[in-house]
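The values are calculated or read from the model by the stated rules, or taken from the named source; none is laboratory data. This one's a predicted model, so the numbers in the text were calculated from it and none came from an experiment. Cβ placement follows ideal geometry from the backbone for every residue including glycine, while neighbour counts extend to all protein chains displayed.
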Amino acid sequence: MEKYLHIIGIGIQRTLVYRVNFFARSLFGLIPLTATILLWQTIYRDRIGDVAGYTLRQMISYYLIATIVDALTAVAEDDWQIAADIRDGNISQFLVKPIDYLAYRFSLYSAGRLIYTAVASVPIAIFIFCLRDYFVLPKDAAACVGFALSVAMAGLLQFLISYTMALLSFWVLEVATFIFILFAFEYLASGHLFPLDILPPVVAQALHFTPFPYLLYFPVSVYLGQATGTALWQGLAIQATWVLAAYALARFVWSRGIRKYAAFGG
């Protein structure tokens, strides 16, 4: 573990160079969030009652919590860097050293998330303070614990999915198309655009057979108290199962891809 902790330290130092970029990214990322909140305020102003069981306060809280979860778990450029390492032959050095490439990349991902969260916390905290009348706090300690566990597993799942997609570089020269398709589907199926409760029940239920709702929608639902008791622990168990499945798939794709990998020259 000592070498991976050292890698995290190096990753933090390297990431700090781009702290201004992270601040600008998080700041400008609040612009579409503001537009979304204004849109929902207009929708609720013209109707009586809630939408799919969400009051206006709960709906705005959903997007605020989703922003926090996204800051804690989103993959920045890790998939592109992994693909570049394979394409340029940089992974050759890891094949002759006692360093696991998956653990190496996860250490850098963790370092990036630590810095981005620290930098982004300032504008996000100010934004939430301005909307404090709409911000819902967790109902009890179980919701807090469940939220922390689900966010941690969402980060693992997000990283493993991106890592596996990047490993396609063993077989194709450019993985951008695959990554963009996955990102577009994930944006809809994970609940970034709107809560999955709004979708027709058949569609929402079908999506729960995929890992995508556990990247964002489920952690936010835990925080808002919509997943409690048995449903909470069952959801955490399913999320953990998806993490293990994604880890096994990542290991399998790596083992198959490394057999095809070839690097020549100095």
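For segment 229-256, the tally of residues that are surrounded by fewer than 17 Cβ atoms within 10 Å (Cβ to Cβ) and either at pLDDT below 90 or more than 24 Å from F106 (Cβ to Cβ) (or both) stands at 5. Take the conditions over 17 Å from the mean Cα position of the chain (by Cα) and closer than 20 Å to G53 by Cβ and apply them to A231. Does it pass? Considered against the rule, which asks whether it is over 17 Å from the mean Cα position of the chain (by Cα) and closer than 20 Å to G53 by Cβ, A231 comes out as yes.
With respect to the stated conditions, V222 is in a helix (DSSP H, G or I), of a type outside the set (K, R) and under 17 Å from the mean Cα position of the chain (by Cα).
Quick grid of which residues meet (1) in contact (Cβ under 8 Å) with a residue 24 or more places away in the chain; (2) under 23 Å from I179 (Cβ atoms); (3) touching a Cys at 6+ places or on another chain (Cβ under 6 Å):
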site: E77; (1), (2), (3): no, yes, no
site: I82; (1), (2), (3): yes, yes, no
site: K97; (1), (2), (3): no, no, no
site: S107; (1), (2), (3): yes, yes, no
site: R132; (1), (2), (3): no, no, no
site: L137; (1), (2), (3): no, no, no
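On inspection, A143 fails the criterion of being exposed (fewer than 15 other Cβ atoms within 10 Å of the Cβ), part of a helix (DSSP H, G or I), in contact with a helix residue (DSSP H, G or I) (Cβ under 9 Å, 6 or more places away or on another chain) and at pLDDT 85 or above.
Taking the condition assigned to a helix (DSSP H, G or I), within 24 Å of F218 (Cβ to Cβ) and either in contact with a strand residue (DSSP E or B) (Cβ under 9 Å, 6 or more places away or on another chain) or free of Cβ contacts under 8 Å to residues at least 60 places away in the same chain (or both), does Y187 pass? Here the answer is yes, as Y187 does meet what is asked. For segment 9-22, filtered to residues that are in a helix (DSSP H, G or I) and either surrounded by fewer than 16 Cβ atoms within 10 Å (Cβ to Cβ) or at positive phi (or both), the residue that is modelled with the highest pLDDT is G9.
Against the list (1) part of a helix (DSSP H, G or I); (2) under 30 Å from K260 (Cβ atoms); (3) in contact (Cβ under 8 Å) with a residue 24 or more places away in the chain, the condition A71 fails is (2). Go through segment 172-202 and count every residue that is modelled with pLDDT under 90, surrounded by fewer than 21 Cβ atoms within 10 Å (Cβ to Cβ) and over 17 Å from the mean Cα position of the chain (by Cα). So the answer is 11. In segment 89-101, the residue that is nearest to the chain's Cα centre (by Cα) out of those that are over 17 Å from M165 (Cα atoms) and in a helix (DSSP H, G or I) is F94.
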